Amino acid sequence: MSDAVVELEGVWKVFGERAQEAMAAIRAEGLGKPEVLERFQAVVGVKDASFSVSKGEIFCLMGLSGSGKSTLVRHINRLIEPSAGTIRILGEDIGAMKSEQLRATRADKIGMVFQNMALLPHRSVRDNIGFALELRGMDGYHRAQAADRALETVSLHGYGDRLPSELSGGMQQRVGLARALAADPEILLMDEPFSALDPLIRRNLQDEFLNLSQTVKKTTVFITHDLDEAIRMGDRIGIMKDGEIVQIGTAEDIVTAPADDYVADFVAGISRLKLVSAAKIMVPPEKFSALNGPLSDAAHPEAAPTDDLDTLVELSTGTDLPVLIKDAGTLVGVVNKDTLLHGLQGSSEG
Amino acid sequence: MNGAETRDNIDERDISVPAFAERSTDYYTRVFENVQRGQSRPWDLNLWALLIPWFWAAQRGVWLVFWVALAIDVLGLVCLMQLVKFGPLLDAALQDPDNNTVLIERYSRWISNFGWTGAVVLLGGRLWLGSRANHWYYAQYNRWRISDAVNSGVLLKRLVMGILIMAIVAPITLYRATELRLDQRACFNQIRAGETVERLLPEYGAASVGELIDAFQSLVADAEARLAALDALGELTAEQKSERNAIRKIIRDNSRRMDTAISYDTISFKDRFDCAVIDDFPTLARFTPPPEVRYRRVPDEEAIAAGNLGATKVIVQESAPVEGRRVNTFTYTAEGIDTSINYLRARFAGFFDATTNVLRQSLIRVEVAFMQTPWPVVAFLFIVLSWAYTNPATTIFVASSLAFLAVFELWQIAMQTMALVVVATAICVFVGLPVGIWMAKNKYFRWFTEPVLDVMQTIPSLSYLVPAVAFFGISQPPAVLATVIFAIPPMVKLTALGILQVPESTKEAALAFGASDRQLLRKVELPMAIPSIMAGLNQTIMLALSMATISAFIGAAGLGALVTESLGDAQAGKGLLAGVAIALVAMMIDRILRGIRASFSRI
């Protein structure tokens, strides 16, 4: 991918005093996690992770706690050094950077939002937001202006002079987001930003963030342990288990074609209404005719292959006739009520 | 399938009690059930625990019962042993009842008191133990159900260990109980006699102590014969008189040596044993002390003659050791330290003098600032500070404290104390802050510094004064140094603590936004550590105040000197007033600093 902003290639992280030895042994002998723990007292945090995020995309890393997603995201701005593999930010190998260059990249190119906000309690909201700019040596006047602009984007105008402790959890996380946006970085790393908030506020912030990213178009790596959130937020989703990325794909890919039982277990409870498109469930016209006899000439409801199941349900409710799926005028498939119900349930037919 | 882990043999009570008790399983199944149902009665005794508790407890690993049994038995038997100790004395006294009425009465009373106490402790203790043993054993059973590491079953290994403990503890303690108090002199004389004989043996070419005694005997007999011959002459010339004196001296010396040898020869095994183990730890070794060396810095005449005025050099003065002096390890080491301090003092006189000078000059300047500022100004500043940072009640307290100092005419003296505290605190901050930061940043330095700080805090404050005097002499500067050493640990510790307390996630966020290590320290860690650092400063000031009082012993001026003076003259009133003044100064500073701290942590 030429427009990849964040690229990870074969990234490994082994924790422990004998991590290097363990890494070499993994390379040479292909050891599994338990053997590494037993022989080297080392824990494999991330196992051979590769993915790339293109410009403006929101990439969700989803996994349960302990699956290594937070560890993996900290490799992107090199808060954690990988045991093996390369990470490129805007085409540059971040592992090869000198410390001065690394700090400049962190301050200018990457903004990060943390689950526990991690705001500085002794600084005002404005000074918190301007922190990255201050570290780069920007003067107070321009810093305050940038901070106020960032406050405006997260709809916290006028809160600049408060202390973080005076704000509610949701507002604090907005400040965290504003801090990440203040330096106008290319990349946003969001480490479970909304997990600590209550459901209503979480939903609110998710919507706001989606609106925001429509306008600011930041390349985002978004960590979550909540599949619903991943589906709402992510253009693509990577599912992690025990340090390994087991599947990468769009929400639809993952829901309709889970890579293994683990992923299937996860997606079992997810509503497919908005995720699955007609193309995934439609029956080719010839096969339909063979099974059910030829289509009648009555006025069938029509839909496009990209329409989701929700639309098909809407179309099928007023009539007994199957829905015709047409791509640019040509009939490509048919969906009757049986097919539709099976599609909603998730079991593929025949 | 993924439910709770199952553990073999302990799910069912029927199975688990036998697994725990291993022997007498029926008995313990029944007993434990009774205990659990609350139906255990005080007279349900565990007979084994009653009769041979140590063996029962040791082999079953119920060490609580073991130690309690040991304590009861030793206490009871020690009481009973007093009968053995005083019995013979009573018998001896009864030989002559008329002259020993007091002793007879006293010994009989002791014997009956100790006898009864011993019997009651032994019998009552054992009965109590017998009724508690099952309960304790049941408690252990419950702990065993939680963790496999708890002792269970019957083990020969533990029985052997129990017997070993008893063998070490019991006999020697009981033996001690039968013996009268040892004469400390006797043990010292044993050592002296041993050393003397060791020296004399080669001198007289004797192979054994017996031969040595024989040698002295013949020498004395010889000399006595010569003396008798002289005495037989009657009238003596001056020469013969002096010869007679010489012979008498020979007799005297050799008799004394013979006595020593004889007393050494008659030391019994019991005497040696008593001195070695019964009371004090025995003196293991005595050394001949090194020659006494003094280092002294004197004008270097040669260099002065060569034109280098003011040149000095270190000279060594050695004095011969006292003949035959032997010292123990403590004295030997202490004298060695003395010599090295003496050497360092002479060798680095320039450094010590310069330090003293710097301290004195800064102290003088601060003293001037405090003492020559007109009292209304100082008082006004104090009141304004407390008004600004604390509540009105505290301000009233500060004002009355100042009034106390003023009315009792302790103003200038209190200001001297303050000057000392201010200088010491300033040094504490300048040294303590960087050290604290370094300590927080470097694990190895922390490992090294922590015990050092603990030692600094726990060594009695008076013993700082001695080395301070040894290096810096008597006056204000060493008092400042001793105060700094005493007061600096909280500053260092709380700085380090404050920095270490900064949450990992906050530091991570700062790094993620591109902070360098310096920026992390300056913009995140130090500001967040300020409440802790202020607490450290507060403690440091309080400690400095208390040490400023003690250091009056080595010439620190101020309120402390007043206390020391009144101690010397036994003037309680003076001492009390000065003490109250110190307390008031401390509380004023403390309250004001607290107010300032609170205003810091609000931001």
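The values are calculated or read from the model by the stated rules, or taken from the named source; none is laboratory data. In this text the structure is predicted, and so the values were computed from the model without any measurement. Cβ sites come from the backbone with ideal geometry, for glycine too, and all protein chains shown count toward neighbours. Surface accessibility is based on the protein's heavy atoms, side chains included, excluding ligands, DNA and RNA. Shrake-Rupley method; radii C 1.70, N 1.55, O 1.52, S 1.80 Å.
Worth pointing out:
- Residues satisfying the criterion are present in the stretch B:344-362 (criterion: closer than 30 Å to residue B:285 by Cβ, under 35 Å from the mean Cα position of the chain (by Cα) and touching a residue at least 60 places away in the same chain (Cβ under 8 Å)).
- Selected residue (only one of A:246, A:276, A:267 is closer than 18 Å to residue A:337 by Cβ and touching a helix residue (DSSP H, G or I) at 6+ places or on another chain (Cβ under 7 Å)): A:276
- Test: residue B:470 is within 23 Å of residue B:354 (Cβ to Cβ), open to solvent by less than 30 Å² (accessible area, probe 1.4 Å) and away from chain A (no Cβ under 14 Å): no
- For beta carbons closer than 6 Å, sequence separation of 6+ or different chains, a first residue in the stretch A:2-17 that is at pLDDT below 90 and a second that is open to solvent by 40 Å² or more (accessible area, probe 1.4 Å) and outside any strand (DSSP E or B), the qualifying pairs are A:3/A:55; A:16/A:41.
- Among residues of the stretch A:182-199, those that are at pLDDT 90 or above, closer than 25 Å to residue A:225 by Cα and part of a helix (DSSP H, G or I), counted: 0
- Scanning the stretch B:156-170 for residues that are more than 17 Å from residue B:78 (Cβ to Cβ) and open to solvent by 70 Å² or more (accessible area, probe 1.4 Å) gives B:156, B:157, B:160, B:161, B:163, B:164.
- Filtered residue count, the stretch A:273-297, keeping only those that are outside any helix (DSSP H, G or I) and under 17 Å from residue A:330 (Cα atoms): 7
- Flag if residue B:529 is at pLDDT below 95, under 24 Å from residue B:589 (Cα atoms), surrounded by 24 or more Cβ atoms within 10 Å (Cβ to Cβ) and within 14 Å of chain A (Cβ to nearest Cβ): yes
- Note on the stretch B:460-517: enclosed helices (runs of 4 or more DSSP H) holding 2 or more residues that are under 23 Å from the mean Cα position of the chain (by Cα) are B:462-472, B:476-501.
- Test: residue in the stretch B:288-296 that is open to solvent by 90 Å² or more (accessible area, probe 1.4 Å), of a type outside the set (Ser, Thr, Tyr) and in contact with a helix residue (DSSP H, G or I) (Cβ under 7 Å, 6 or more places away or on another chain): yes
- When the residues of the stretch B:556-572 are filtered to those that are open to solvent by 40 Å² or more (accessible area, probe 1.4 Å) and part of a loop (DSSP other than H, G, I, E, B), the one that is farthest from residue B:368 (Cα to Cα) is B:570.
- Counted residues, the stretch B:511-526 - those being among the small types (Gly, Ala, Ser) and either within 29 Å of residue B:421 (Cβ to Cβ) or surrounded by fewer than 22 Cβ atoms within 10 Å (Cβ to Cβ) (or both): 1
- Qualifying residue in the stretch A:137-147 (condition: in contact with a Ser or Thr (Cβ under 7 Å, 6 or more places away or on another chain) and over 12 Å from residue A:178 (Cα atoms)): no
- Failed condition for residue B:538, given (1) in a helix (DSSP H, G or I); (2) crowded, with 18+ Cβ neighbours inside 10 Å; (3) within 14 Å of chain A (Cβ to nearest Cβ): (3)
Every residue, every condition in (1) open to solvent by 40 Å² or more (accessible area, probe 1.4 Å); (2) within 8 Å of chain B (Cβ to nearest Cβ); (3) part of a loop (DSSP other than H, G, I, E, B), yes or no:
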residue	(1), (2), (3)
A:53	no, no, no
A:72	no, no, no
A:100	yes, no, no
A:107	no, yes, no
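- Residues located in the stretch B:496-507, provided they are open to solvent by less than 40 Å² (accessible area, probe 1.4 Å) and either more than 9 Å from chain A (Cβ to nearest Cβ) or among the charged types (D, E, K, R) (or both): B:496, B:498, B:499, B:502, B:507
- Scanning the stretch B:436-445 for residues that are in a helix (DSSP H, G or I) and either open to solvent by 40 Å² or more (accessible area, probe 1.4 Å) or of a type in the set (Lys, Arg) (or both) yields B:438, B:441, B:443, B:444.
- Being surrounded by fewer than 22 Cβ atoms within 10 Å (Cβ to Cβ) and either away from chain B (no Cβ under 13 Å) or within 29 Å of residue B:517 (Cβ to Cβ) (or both) holds for only one residue in A:111, A:95, A:45, A:68, and it is A:95.
- Boolean, residue B:523 is more than 13 Å from chain A (Cβ to nearest Cβ), of a type in the set (Lys, Arg) and in a helix (DSSP H, G or I): no
- Residues in the stretch B:171-189 that are open to solvent by 70 Å² or more (accessible area, probe 1.4 Å) and under 21 Å from residue B:72 (Cα atoms): 1 in all.
- Listed by first and then second residue, the pairs with beta-carbon distance under 9 Å, at least 6 apart or on different chains, first residue in the stretch B:366-383 and assigned by TED's automatic domain parsing to the domain that holds residue B:409 and over 25 Å from residue B:427 (Cα atoms), second open to solvent by 60 Å² or more (accessible area, probe 1.4 Å) and at pLDDT 85 or above, are B:375/B:412.
- Conditions (1) part of a loop (DSSP other than H, G, I, E, B); (2) open to solvent by less than 50 Å² (accessible area, probe 1.4 Å); number of the one not met by residue B:260: (1)
- Qualifying residue in the stretch B:544-552 (condition: in contact (Cβ under 8 Å) with a residue 12 or more places away in the chain and within 13 Å of another protein chain (Cβ to nearest Cβ)): no
- Against the conditions (1) farther than 19 Å from residue A:52 by Cα; (2) crowded, with 17+ Cβ neighbours inside 10 Å; (3) touching a residue at least 12 places away in the same chain (Cβ under 8 Å), residue A:258 satisfies every one except (3).
- Residue list for the stretch A:124-170, filter: open to solvent by 30 Å² or more (accessible area, probe 1.4 Å), assigned to a loop (DSSP other than H, G, I, E, B) and within 14 Å of chain B (Cβ to nearest Cβ): A:136, A:137, A:138, A:161, A:162, A:163
- Among the candidates B:247, B:251, B:267, residue that is out of contact with any Ser or Thr (no Cβ under 8 Å at 6 or more places or on another chain), surrounded by 14 or more Cβ atoms within 10 Å (Cβ to Cβ) and assigned to a loop (DSSP other than H, G, I, E, B): B:267
- Going through (1) facing another protein chain (nearest Cβ under 8 Å); (2) under 27 Å from the mean Cα position of the chain (by Cα); (3) without any contact (Cβ under 8 Å) to a residue 60 or more places away in the chain one by one, residue A:116 falls short only on (3).
- Number of positions in the stretch B:401-421 that are part of a helix (DSSP H, G or I) and open to solvent by 60 Å² or more (accessible area, probe 1.4 Å): 2
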